[in-house]
Amino acid sequence: MNTFSTSLEASESRPKAVAIITARGGSKRIPHKNVRDFCGKPIISYSIRAALASGVFDEVMVSTDEEAIADVAREYGACVPFLRSAETAGDYASTDDVIREVLLAYESRGQHFQRFCCIYPTAPFVTAQKLKTAMELLDKAESVMPVVPFSYPPQRGIILENGRVRRKYPEFLTTRSQDLETMYHDCGQFYACRTDAFFRDSTTDVDDLLPMIMPEMEVQDIDTEEDWAIAELKFLHMKDGNPAP
């Protein structure tokens, strides 16, 4: 059997999967955030290129409500088969709302995907290998989430009350940091999930959820101009050793 035949059979035997890149146009804190230049390319292009290069998706699509974003998405190889509805383009629509709309829209067109990966458009640290690993992990669990350890123990967190500093958890004041339980937070990059589990629970955050632990150097929320600058510094620092696809 030749290499092409082997590759074709492998593709036909695996569950059908779609990459859903969520990119609405109404960013308030960083205008036009999803297509803004990040180290020389529109930031959304990194998510698109990683998904395409992973080779694990039958479709790589962008869910957006703006034609300008759709044009950039198509330029980098993604498809935009339909625009997002007004309901899922608003400030209060959740990621799960967007995923549901996309999957149902495909169903109405006779296309059923057994698995999906929702990728954020501002995730330049996502790589083809990470996405491939996440989708392979769906053989073992219903959902996969990349997580990163908190850089400072949350148990040592403080709050402000009446203008004064208060310990949120004073019982941990004298506990050595190495004796505190390690806590993690969502990387905010992507979520891989089996479609049946998503529709059952209406979320990717199901009970059977596996972690992918990421190093802090490869994680950065991008919600402010300061975040953006830090993300570019991290990306440039890593570029030679771990370039995005």
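The values are calculated or read from the model by the stated rules, or taken from the named source; none is laboratory data. Fair warning: this is a prediction, and the values are worked out from it, not measured in the lab. When we count neighbours, we look across all protein chains shown, and the Cβ atoms used for this are built from the backbone with ideal geometry, even at glycine. Note: accessible area is taken over every heavy atom of the protein model, side chains too, but ligands, DNA and RNA are not part of it. Shrake-Rupley method; radii C 1.70, N 1.55, O 1.52, S 1.80 Å.
Applying the criterion of being in a loop (DSSP other than H, G, I, E, B), touching a residue at least 12 places away in the same chain (Cβ under 8 Å) and of a type outside the set (Asp, Glu) to the residues of region 129-164, the residue that is farthest from Met214 (Cα to Cα) is Gly157. If you take the residues in region 102-128 that are outside any helix (DSSP H, G or I) and small (Gly, Ala, Ser), which one is most open to solvent (accessible area, probe 1.4 Å)? Filtering first and then ranking leaves Gly110. Summed over region 165-217, residues that are assigned to a helix (DSSP H, G or I) and on the phi > 0 side of the Ramachandran plot total 0. Would you mind stating whether Ile213 is open to solvent by less than 80 Å² (accessible area, probe 1.4 Å) and β-branched (Val, Ile, Thr)? Spelling it out, it is not the case that Ile213 is open to solvent by less than 80 Å² (accessible area, probe 1.4 Å) and β-branched (Val, Ile, Thr). Take Ala86 and tell me if it is open to solvent by less than 40 Å² (accessible area, probe 1.4 Å) and outside any helix (DSSP H, G or I). No; evaluated as a whole, the condition is false for this residue.
Can you confirm whether region 180-187 contains a residue that is out of contact with any Ser or Thr (no Cβ under 6 Å at 6 or more places or on another chain), open to solvent by 90 Å² or more (accessible area, probe 1.4 Å), closer than 27 Å to Phe198 by Cβ and not acidic (Asp, Glu)? Yes: one or more hits.
Answer with yes or no whether Leu173 is at pLDDT below 95, of a type in the set (A, V, I, L, M), open to solvent by 80 Å² or more (accessible area, probe 1.4 Å) and over 23 Å from the mean Cα position of the chain (by Cα). Considered against the rule, which asks whether it is at pLDDT below 95, of a type in the set (A, V, I, L, M), open to solvent by 80 Å² or more (accessible area, probe 1.4 Å) and over 23 Å from the mean Cα position of the chain (by Cα), Leu173 comes out as yes.
Taking Ile99 as the residue in question, decide whether it is more than 22 Å from Pro211 (Cβ to Cβ), part of a helix (DSSP H, G or I), of a type in the set (Val, Ile, Thr) and at pLDDT 95 or above. Criteria not met by Ile99.
So for region 65-75 (the condition being surrounded by 14 or more Cβ atoms within 10 Å (Cβ to Cβ), of a type in the set (A, V, I, L, M, F, W, C) and without any contact (Cβ under 8 Å) to a residue 40 or more places away in the chain), does at least one residue qualify? Yes: region 65-75 contains one or more residues that are surrounded by 14 or more Cβ atoms within 10 Å (Cβ to Cβ), of a type in the set (A, V, I, L, M, F, W, C) and without any contact (Cβ under 8 Å) to a residue 40 or more places away in the chain. Answer with yes or no whether Tyr184 is modelled with pLDDT under 95 and of a type in the set (Phe, Trp, Tyr). No: the conditions fail for Tyr184.
Within region 32-57, the set of residues being outside any strand (DSSP E or B), surrounded by 15 or more Cβ atoms within 10 Å (Cβ to Cβ) and out of contact with any Leu (no Cβ under 9 Å at 6 or more places or on another chain) comprises Lys33, Asn34, Val35, Arg36, Ile43, Ile44, Ser45, Tyr46, Ser47, Ile48, Arg49, Leu52.
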